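Each remark here refers to the structure printed beneath this line.
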Amino acid sequence: MKRVVAGVLAGFAVYAEAASYVSPECLAVAPDGKRAYVTSATGGRLLVIDLGRAKVAGEWLLKNETERPRGFWSSLFGGGATAGPADPSGVAVAPDGTVFVTGGGAEGFVQKFAADGTPAVQAAAGHTPLAPVVSPDGATLYVLCRFDACVRVFDARTLNVKATVPVLREPFAAALGAGGRLLFVANLLPACRATDAVVAASVSVIDTSAGHAVQHVLLPNGSTGVRGVGASPDGKYVYVTHTFGRYQLPTTQLERGWMNTAGLSVFNGETGAYVNTALLDDVDLGAANPWGVAVSPDG
């Protein structure tokens with residue numbers, strides 16, 4: 001499966017020659033493993049990939065049709081509230097094959113598609129929504145609003161907002177722990193002051209039943225750029241990728257990953273507790289900018 005998906009993404013360079021720039025960014029695989037959905041970050045569409053044939057099987061165009069604020073000039077001369085093309089920022093697939101796509105930037109939205117690509121409900125979702133996550137029962141959709149510093153909780157059927165959960169700073173990625181009881185949210189940047197004794201980004205742990213964050217777990221000192229979150233198939237462990245800035249040390253050995261180190265932090269998916277951090281760098285070669293993280297089906 002991984003080889004097929006990697007080959008498809010690499011092949012987009014050829015596909016793009018016959019169309020506009022595709023800019024593949026986010027990927028989700030259907031529950032049956034037959035199709036993958038790839039966001040076209042600058043193309044205003046979602047690409048549907050037939051994994052058996054390793055070919056693009058379809059394109060779903062995206063439009064922001066939610067009611068948007070109208071400024072002073074747009075109220076006089078029109079514009080500002082009409083539907084228009086929108087670039088996607090994230091995609092998730094529910095257990096029944098329903099697809100959810102986020103996009104729209106500052107005028108963010110979430111769009112629901114039936115498994116056959118028929119557009120269904122669309123709803124406003126705040127400033128720069130991304131990284132949608134569907135609950136195991138398919139009833140709830142979690143959407144991170146990066147510059148609103150919150151997680152919006154939607155009814156997956158109607159896309160009505162059920163709750164808004166504040167987090168710390170620029171939520172960027174998320175995954176559910178065991179049984180969907182805890183949602184682990186990566187805050188991209190530190191929320192503390194630069195003069196604090198410890199300067200690091202945090203992982204917000206949300207109790208999905210209570211609808212609020214139960215803890216904000218500070219990563220090791222210097223941690224920032226928290227861009228990826230993934231869970232084991234049983235949800236017992238959650239993995240977070242990030243970098244370390246060794247800002248308290250003299251600037252030496254830049255080429256060998258000494259000043260900036262790449263890390264993978266592990267959390268208990270059942271309790272939310274921090275377990276450990278493993279470094280990804282080789283002794284003499286840095287592992288630059290770790291991003292997405294996924295776990296094989298056998299764990």
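Tell me whether the stretch 242-256 contains one or more residues that are of a type in the set (A, V, I, L, M, F, W, C), over 19 Å from G286 (Cβ atoms) and crowded, with 19+ Cβ neighbours inside 10 Å. Don't jump to the end; show me each part of the working.
From the stretch 242-256, those of a type in the set (A, V, I, L, M, F, W, C) are 244, 249, 254; that's our starting set.
Next, from what is left, pick out any that are over 19 Å from G286 (Cβ atoms): none.
No, that holds for no residue.
Looking at G211, G272, can you tell me which residue is at positive phi, touching a Phe, Trp or Tyr at 6+ places or on another chain (Cβ under 8 Å) and touching a residue at least 40 places away in the same chain (Cβ under 8 Å)?
Details: G211 fails: touching a Phe, Trp or Tyr at 6+ places or on another chain (Cβ under 8 Å).
None of the other options fit; the residue is G272.
Those residues that are farther than 27 Å from A57 by Cα, part of a strand (DSSP E or B) and not β-branched (V, I, T), I need them from the stretch 109-149; list them, please.
Result: A124, A125, G126, Y142, L144, C145.
Inspect the stretch 80-89 for any residue being modelled with pLDDT of 95 or more and under 23 Å from S204 (Cα atoms) and give the result as yes or no.
Within the stretch 80-89, one or more residues are modelled with pLDDT of 95 or more and under 23 Å from S204 (Cα atoms).
Could you please find all residues in the stretch 174-195 being within 16 Å of T208 (Cα to Cα) and in contact with a strand residue (DSSP E or B) (Cβ under 6 Å, 6 or more places away or on another chain)?
Within the stretch 174-195, the subset within 16 Å of T208 (Cα to Cα) is 174-186.
Scanning the stretch 174-195 gives A174, A175, L176, G177, L182, L183, F184, V185, A186.
The values are calculated or read from the model by the stated rules, or taken from the named source; none is laboratory data. If you're wondering where the values come from, they're calculated on a predicted model, not measured in any experiment. Note that each Cβ is placed from the backbone with ideal geometry, even for glycine, and that neighbours are counted across all protein chains shown.
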